[in-house]
1. Please state the charge dipole magnitude for the stretch 104-182, taken about the Cα centre, from unit charges on C-beta atoms (+1 on K and R, -1 on D and E), reported in debye and rounded to the nearest 20.
2. Enumerate the amide H contacts of Lys106 below 5 Å, restricted to partners 5 or more residues apart or on another chain; note that Pro and chain-start residues carry no placed amide H.
3. Cα centroid distance between the stretch 38-65 and the stretch 94-147, in Å?
4. Using only alpha carbon pairs under 8 Å that are at least six residues apart, calculate the relative contact order of the stretch 26-213 and give it in whole percent.
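Just so you know, all these numbers are worked out from the coordinates, no wet-lab data involved. The structure displayed is predicted, hence computed values, not measured ones. Backbone-built Cβ (ideal geometry, glycine too); neighbour counts: all protein chains shown.
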Amino acid sequence: MVKRGAIWLSAWLCLLPGAAFAHPHVFAEARVEVVAKDASAITELRHVWRFDEVFSSSVVMDFDKNGNATLDEDELTEVGKTVLTSLGDYSYYTALSLDGKPVKVKAPDVIRVAYQDGQLLMFFAVKPETPMPLKGKLTFGVYDPTLYTSIDFAKDEDMATIGDGFKGCTRAVVRPDPDQVLKDNQANLTSAFFSDPTGTNMSKLFATRLEVSC
C-alpha cells in the first residue's frame, strides 16, 4: 500500500488516485477478543473479520489463479500475505489507548484467511508494542481511518474481554451516534477531511469502541 493514493480494500489493493470517500464501500462483520491472562497487562487482541459477498467475490476474481471459482490453500495464503503487508501503515485497523495516550501495535505474525459460503474471513492477532498494564482507562477500537471500510460489531459481546486479568475491571461498549458526532464536529468535517487518503484522527469519533476501567 502506498501512503498517497492507495486505499486498502479498494479494487483489492490496487493503486488509486486520491479521491473523496464520504461513506464505506466495503463491509465486514467483526469480533475482537482483548486478552489479559493475568492482572498485569494486555496480552493480545484477536481479530475475526467476515467480509461482504460483493467484496469477497472480487478477491476471488483477483487471486483465483487456477480458475476454479474459489480460493485454494495457496491462494488464501497469498491473500493473507498481501493484507499483512498492506495494513501495516494503518495499524491493522486497531486503535489502542491507555489513559488517553495512544499505544501502537506490533504486526501480526500471520493473517489467516478462509473462504466460506461466498464470504472471505480473516483471523489474526496483534500485540501492544509497549506494555499496556491493566490500570486506569483502556480503550480499544477497530476501524478504518480512511472511512472506506465499515467494521461492524453486531453485538456488544463481539467486543470481548478474555482472561482473569479483567476480574477487577469494568467494561462498556460505546456506540457513537453519527448524527451527534456530525453536529458536534461540523466545523471540522470539511471536504479536506473526506478527501485525505491516509485518513484522519477524527475517524475514531464514529467508531464503536470498548472501554475498560481498572
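1. 480 debye
2. Excluding prolines and chain starts, which carry no amide H, the hits are Lys127, Glu129.
3. 11 Å
4. Averaging sequence separation for qualifying contacts and normalising by length gives 28 percent for the stretch 26-213.
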